[in-house]
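The values are calculated or read from the model by the stated rules, or taken from the named source; none is laboratory data. Keep in mind that what you see is a predicted model, and the values were worked out from it rather than measured. Here Cβ is always computed from backbone atoms with ideal geometry, including for glycine, and neighbour counts include all displayed protein chains.
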Amino acid sequence: MLERIHQITSVGLFQDIRPAGMSFKKMTFVYADNGRGKSTLASILRSYTELNPDIVRHRKTIGETTPQNIHLQFSQGNRAIFDNGTWSGKYSDVHVFDLDFVDRNVYSGGEISASHRKRLLSFALGSDAVAARAAFIDASDKAEEAKRVTRLASEKLTVARGNVTLARYIKPVQEENIQEKIALVESELDLCKRTETIRNRTGYLPLPLYAPDFSSFFSILASSYDSLSAGAEEVVCAHIDHINVEGFERWASSGLDYIKDEYCPFCTQSLEGVGLIRYYRERFNLAYKALLNQVTGLDNVVATTMRVFNLALLESKIEQAGLVTENWKDCLQLNVSLPDLDKIKASLEGLQSSLSRLTEAKKSDPLSKTQGDYEKEIADAVTAINDELSAFNSGVETANLDIQAYKEALETKNEETLRVTLSQHEATRLRLSPEVVGFISDYQTAKTAEVTASELKETRRGELNAIMDSTLGKYQSSINDLLMKFGASFRITEINYNYAGGGEPKSEYAIELRGEKISLTGEEYSFRSSLSEGDKRTLAFAFFISVLLHDVDLERKIVVIDDPMCSLDNHRRNHTITIIKQIYLRSLQVIILAHDLLFIRTMRDEFLKIPATQMQDISALRIVHIAGDFSSLDKLDVDLECESPYYKNHRLVSGFADGAHHQLHDTAVAIRPLLEGDLHRRFPGRISPGNLFGEVVMQIAQAQPNDPLFFAKSLVPELNEINNYAGRYHHDTNPQASSEPITAGELMSYSRRALNVIYRGNV
């Protein structure tokens with residue numbers, strides 16, 4: 001148990017005290033006026049038992065720079081020291097009932113919250129459930145931590161899995177060629193975006209085949225001048241050869257038109273009968289001229305016919321076909337072979353060469369039919385060109401069918417569906433990435449740990465529940481019994497526990513006032529508005545005491561009660577004392593902090609009636625005011641502090657008369673009020689209150705026979721003499737009373753005379 005407080009420094013009003021000789025006993029009373037440090041002492045002991053330094057640190061003496069220090073001595077030489085913000089050790093468990101206990105465990109602000117009920121349950125469970133509760137809280141904390149780790153691991157997968165459920169996402173995935181699938185869908189999506197553009201793309205235009213008309217050319221080549229005699233032909237040809245001048249034949253043919261009247265237009269000689277002229281005329285007649293004109297015009301016929309072969313136009317169309325292939329290559333691989341322009345050019349050149357050759361041959365022998373299979377030659381050349389074009393046109397037909405099919409298929413593509421598919425493929429690709437595979441592994445590991453931790457938590461919960469089931473049941477009747485004995489008009493019902501809100505369990509109970517349940521929170525018909533402050537404090541005290549009474553280890557614990565009568569009605573005083581006596585008999589030590597001296601005296605007297613109680617088991621201390629408006633600890637003389645003014649004055653005067661050492665002035669001042677008190681007791685109700693002693697003596701002197709004061713008339717002379725002496729030391733009759741000299745002998749005489757009046761009752 002706590003035996004001594006050796007030191008308290010910089011804690012509340014205890015600036016620096018070292019109360020030597022102040023002993024704490026099994027039953028210790030500590031008296032103090034309100035605001036002098038009772039709550040500070042209770043807080044120190046709570047800080048010690050909870051090993052919570054913050055309780056002390058928060059009570060740092062205002063303006064004090066000296067470090068906080070507390071030195072407590074317990075039984076068997078054990079010492080607990082608070083230094084450098086920590087406690088050195090713990091040797092006893094302390095139960096503290098004070099406002100802080102009430103605020104934390106029962107109610108505050110007129111309401112009973114969930115946190116109050118949680119802490120009350122923790123207090124009520126006692127030592128039997130400490131290990132089980134600690135194990136549950138530890139398991140619960142670990143389960144929460146495991147859940148947090150799992151949640152964090154899950155959050156790493158949130159973005160990756162998209163709309164896919166976590167359970168489905170973490171399943172093993174076997175997917176091949178995912179990148180190729182993604183590329184395909186992306187391509188199709190791109191096409192969807194360009195559908196309108198692609199829809200407007202054109203296909204190939206087939207190239208027309210050439211069909212040149214060589215009939216006129218062939219007709220001229222096949223023409224001849226069959227009417228010309230062989231002799232004329234021979235003579236004319238020989239003559240022409242003889243002349244051997246270029247263009248002579250044409251000149252000669254034209255010159256026949258200038259022969260008039262058979263005379264030579266050059267020499268005017270007669271040409272009558274000239275055979276050569278006859279042969280020339282035979283050869284160059286109208287038919288001949290017509291044939292010659294046709295042969296001469298063969299170049300134009302060839303040129304006109306060959307116009308069908310527009311090479312520039314063909315080149316343009318082939319170029320356009322190549323652009324079609326280029327335009328579609330992002331969508332289709334079209335197997336269209338463009339015509340070989342060089343090959344076509346070569347064929348055209350060959351055709352042109354054949355035509356030129358045939359033309360020159362005809363010109364050289366215009367009158368004869370051109371020989372050879374030239375029509376086939378020409379046709380083969382044209383066929384060679386058209387074969388090249390036909391091969392292209394065949395490929396174009398197939399390609400255009402592919403283009404049409406592609407456009408029709410494009411109409412069936414749905415962009416939204418493709419996007420969903422792409423999202424799924426992307427999710428799959430991400431799912432298979434090393435990073436996500438690692439995240440999934442971490443999640444599965446965390447989830448396994450969470451399940452294990454959750455199972456352990458439930459096991460610990462079951463163990464704690466078993467203890468709470470067996471513990472809480474006995475409190476309801478005990479608390480209600482205490483409330484009944486305290487004279488309370490309310491009771492508690494349905495005391496239990498729950499885990500609502502998760503985490504630690506909390507107590508659950510209802511309050512019934514005159515048969516009606518009241519709300520623990522709220523304003524109307526609630527704990528706040530329906531119960532007085534005394535009722536609320538009584539409820540808190542009943543909870544506290546009930547737990548103590550059921551504590552099987554109470555004999556090893558210290559009980560501290562701060563102001564047990566604070567806010568309690570006076571009629572509850574007796575039962576409060578009875579309860580504290582029960583706690584005293586079962587506990588290691590009881591410390592009562594109070595500001596009511598009469599309550600302390602009454603309780604002390606009750607404890608002295610206990611047979612086993614001895615005076616050495618009781619200690620009375622007080623918190624006193626010292627310089628600087630600070631506080632210290634001192635001994636308390638309960639009887640002395642509780643004596644009335646009359647008895648105090650009697651003690652001073654009689655003590656001085658018996659030789660006790662008192663201050664002369666104190667004794668002199670006590671004589672007159674002593675006599676006043678005696679007269680008031682001898683003649684209750686007869687002496688006017690507030691009268692000075694001289695006025696009281698005059699009232700006695702004027703008393704009539706029917707007035708009881710009449711029997712005291714014999715005292716008037718003595719009372720006047722004593723008053724004349726004692727009045728010198730009272731300011732109401734002597735403004736210089738404090739400096740009035742006192743003679744011990746004279747004071748002794750008047751003290752004895754005053755006692756004689758009291759004891760004898762007459763002179």
Expected single match for under 30 Å from Thr28 (Cβ atoms), surrounded by fewer than 16 Cβ atoms within 10 Å (Cβ to Cβ) and out of contact with any strand residue (DSSP E or B) (no Cβ under 7 Å at 6 or more places or on another chain) among Asp666, Asp637 is Asp637
Number of the condition not met by Gly690 [criteria: (1) surrounded by 15 or more Cβ atoms within 10 Å (Cβ to Cβ); (2) free of Cβ contacts under 8 Å to residues at least 24 places away in the same chain; (3) of a type in the set (Gly, Ala, Ser)]:
(1)
Can you find a residue that is surrounded by fewer than 20 Cβ atoms within 10 Å (Cβ to Cβ), over 43 Å from the mean Cα position of the chain (by Cα) and at positive phi anywhere in segment 31-52?
yes
Lone qualifier among Ala183, Ala153 - being part of a helix (DSSP H, G or I), touching a residue at least 12 places away in the same chain (Cβ under 8 Å) and surrounded by 12 or more Cβ atoms within 10 Å (Cβ to Cβ):
Ala153
Which ones in segment 271-302 are modelled with pLDDT of 75 or more and of a type in the set (Ser, Thr, Tyr)?
Thr296
When every residue in segment 186-221 that is of a type in the set (S, T, N, Q) and either surrounded by 11 or more Cβ atoms within 10 Å (Cβ to Cβ) or under 30 Å from Ala303 (Cβ atoms) (or both) is compared, the one modelled with the lowest pLDDT is Thr195
From the set of residues in segment 554-566 that are farther than 17 Å from Leu2 by Cα and out of contact with any His (no Cβ under 7 Å at 6 or more places or on another chain), which is modelled with the highest pLDDT?
Pro564
Kindly state which helices (runs of 4 or more DSSP H) lie completely within segment 674-763 and contain at least 2 residues that are at pLDDT 90 or above and under 21 Å from Arg651 (Cα atoms).
716-726, 744-760
Among (1) surrounded by 16 or more Cβ atoms within 10 Å (Cβ to Cβ); (2) among the charged types (D, E, K, R); (3) without any contact (Cβ under 8 Å) to a residue 40 or more places away in the chain, which single condition is Arg601 missing?
(3)
Would you mention how many residues in segment 73-84 are within 38 Å of the chain's Cα centre (by Cα) and either buried (at least 20 other Cβ atoms within 10 Å of the Cβ) or not in a loop (DSSP other than H, G, I, E, B) (or both)?
0
Residues of segment 27-57 that turn out to be free of Cβ contacts under 8 Å to residues at least 24 places away in the same chain and closer than 12 Å to Ser631 by Cβ, as a count:
1
Could we say that Lys90 is basic (Lys, Arg) and in contact with an Asp or Glu (Cβ under 8 Å, 6 or more places away or on another chain) here?
no
Flag for Val308 being closer than 24 Å to Ala379 by Cβ, at pLDDT below 90 and outside any helix (DSSP H, G or I):
yes
Conditions (1) of a type in the set (D, E, K, R); (2) under 30 Å from Gln15 (Cα atoms); (3) crowded, with 19+ Cβ neighbours inside 10 Å -> Asp678 fails only (2)
Would you check if Asn69 is touching a residue at least 40 places away in the same chain (Cβ under 8 Å) and closer than 30 Å to Leu464 by Cβ?
no
Exactly one of (1) within 29 Å of Gln15 (Cβ to Cβ); (2) surrounded by fewer than 18 Cβ atoms within 10 Å (Cβ to Cβ) is unmet by Ser631. Its number?
(2)
Number of the exception - Glu512 against (1) in a helix (DSSP H, G or I); (2) of a type outside the set (Gly, Ala, Ser); (3) at pLDDT 85 or above
(1)
Quick one: in segment 246-270, which of the residues that are surrounded by 11 or more Cβ atoms within 10 Å (Cβ to Cβ) and part of a loop (DSSP other than H, G, I, E, B) is modelled with the highest pLDDT?
Cys264
Give the residue that is modelled with the lowest pLDDT, with candidates limited to residues of segment 318-333 that are of a type in the set (A, V, I, L, M, F, W, C) and part of a helix (DSSP H, G or I).
Trp328
Only residues that are out of contact with any strand residue (DSSP E or B) (no Cβ under 9 Å at 6 or more places or on another chain) and in a loop (DSSP other than H, G, I, E, B): list them for segment 515-539, please.
Gly515, Glu523, Glu524, Ser532
Please indicate, with yes or no, whether at least one residue in segment 63-72 is over 46 Å from the mean Cα position of the chain (by Cα) and surrounded by fewer than 13 Cβ atoms within 10 Å (Cβ to Cβ).
no
All positions within segment 382-393 that are out of contact with any Pro (no Cβ under 9 Å at 6 or more places or on another chain) and of a type in the set (S, T, N, Q):
Thr383, Asn386, Ser390
Do the conditions hold for Leu456, that is, is it surrounded by 16 or more Cβ atoms within 10 Å (Cβ to Cβ), under 29 Å from Ala542 (Cα atoms) and not aromatic (Phe, Trp, Tyr)?
no
Part of a helix (DSSP H, G or I), at pLDDT below 85 and under 29 Å from His575 (Cβ atoms): does that describe Met468?
yes
Over segment 624-650, the set of residues part of a helix (DSSP H, G or I) and either among the charged types (D, E, K, R) or more than 30 Å from Ile671 (Cα to Cα) (or both) is Ala627, Gly628, Asp629, Asp639, Glu641, Lys648
Within segment 1-58, considering only strands (runs of 3 or more DSSP E) that don't extend past its boundaries, which have at least 1 residues that are within 17 Å of Val560 (Cα to Cα)?
2-11, 27-31
